[in-house]
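The values are calculated or read from the model by the stated rules, or taken from the named source; none is laboratory data. Here the structure is a predicted model, which means the values were calculated and not measured. Virtual Cβ from ideal backbone geometry, glycine too; neighbours counted across all protein chains shown. Just the protein is used for accessible areas: all its heavy atoms, side chains included, with ligands, DNA and RNA removed. Shrake-Rupley method; radii C 1.70, N 1.55, O 1.52, S 1.80 Å.
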Amino acid sequence: MKKILYLLLAIAVISCQEEPKDYVTFSGKIINKNSDSIVLRTRDYSKTIKVNEDGTFSDTLKVDTGIYNFFDGSESTNVFLKNGFDINMTLDTKEFDETITYTGTGAEHSNFLAEKSLKEEELLDMDELSTITEMDELDKAMENIKTELSEFYASKTGIDSSLTNNAVKDIEPMLKFYRSYLADAITLKKDLPKGAPSPTFEDYENVDGTTTSFEDLKGKYTYIDVWATWCGPCKAEIPSLKALEKEYHDKNIQFLSLSIDDDRSHGGSWDKAREDWKAMIAEKELGGIQLFAPNGWQTPFVREYKINGIPRFILIDPDGNIVTPDAPRPSSEKLKELFDSLNI
């Protein structure tokens, strides 16, 4: 009789146990929300989730285990999802990456991804790394970053091994990319050193129909923004550039934007390239001196400054000499520090 009772009790306990969830519960709260919805997506998956007026959201999803991109309408981050997880996310869009936290079942994996992003951003600070002037110093910096990242990933126990293994595997190619970029910058500054006469140009088309030559710029510092209408990173700098122009409008500096829009990027038409250039200047209400490079990437001034990627920023002194062929971006505090050091 006792055996029968124990058997019945065991069956009752088993039958009362909750079946494992075959879905993810993903919820959270966004402070200073950018949109009325968020999107979770991979190459093969996309799910839009409504965000309430108070910034809260919640949904259940059936997913394949892996990393999903979270997009709030303005910025994005990565989360790790697996059926059975119950994750709650909080963030403040005013400090997007710095405030992302996850709680709940499975949260530790997404927290790792958030910490990883911040760690890489901290170590690969381009404003800081761009001050390196010698190749051996660059190699030493890259080796130190490799060591610190490796130790950081190794310290993260209890994290899904696919995340940590991929993070370790990605160190070498990631640092190879950064080293190549920074090595080119070092070479550029050696080939176009501070104080050397700048390459020049004559009679470049101005947006108002007139022309501007390099000689016309002398007498003030000139901050040159080499850009194109199709360039996302270029357009991302526009608000900071406009703010900078406003702040320094009565100082000893002028701001010049040189578009390298060409026929190849505008359906084979130079006329279309010019139309799009003028339309964006009007749409974005761009100030300063707005010039059109006559031969796009192949324009001599562009080639002489060894410009193979944009945006590129150049600073020229009042005498027409190079201050730097690779100046900080408008969004960087390093640029104001440079201006202050020159008493602009």
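Quick one: which strands (runs of 3 or more DSSP E) sit completely within the range 215-332 and have at least 3 residues that are aromatic (Phe, Trp, Tyr)? Quick ask: steps written out before the conclusion?
Working: elements: 221-227, 253-259, 289-292, 312-316, 322-324.
Output list reads 221-227.
Only one of the numbered conditions (1) modelled with pLDDT of 95 or more; (2) open to solvent by less than 80 Å² (accessible area, probe 1.4 Å); (3) more than 20 Å from Ile310 (Cβ to Cβ) is violated by Asp225, and that is (3). Residue pairs whose Cβ atoms lie under 9 Å apart, separated by 6 or more positions or on different chains, with the first residue in the range 112-132 and modelled with pLDDT of 95 or more and the second of a type in the set (S, T, N, Q) and outside any helix (DSSP H, G or I), are Leu113/Thr77; Leu113/Asn78; Ala114/Thr77; Ala114/Asn78; Ala114/Thr101; Lys116/Asn78; Ser117/Thr77; Ser117/Asn78. The residues on offer are Phe112, Phe96, Phe85, Phe80, and the sole one that is more than 24 Å from Ser155 (Cα to Cα) and of a type outside the set (A, V, I, L, M) is Phe96. If you go through the range 293-326 and keep only what is of a type in the set (S, T, N, Q) and open to solvent by 10 Å² or more (accessible area, probe 1.4 Å), you end up with Asn295, Gln298, Asn308, Asn321, Thr324. Among the residues of the range 119-156, which ones are assigned to a helix (DSSP H, G or I), open to solvent by 60 Å² or more (accessible area, probe 1.4 Å), closer than 24 Å to Leu335 by Cα and of a type outside the set (Asp, Glu)? Answer for the range 119-156, where residues must be assigned to a helix (DSSP H, G or I), open to solvent by 60 Å² or more (accessible area, probe 1.4 Å), closer than 24 Å to Leu335 by Cα and of a type outside the set (Asp, Glu): just Met135.
None of Asp160, Asp170, Asp191 is crowded, with 16+ Cβ neighbours inside 10 Å and either at pLDDT 95 or above or at negative phi (or both) except Asp160.
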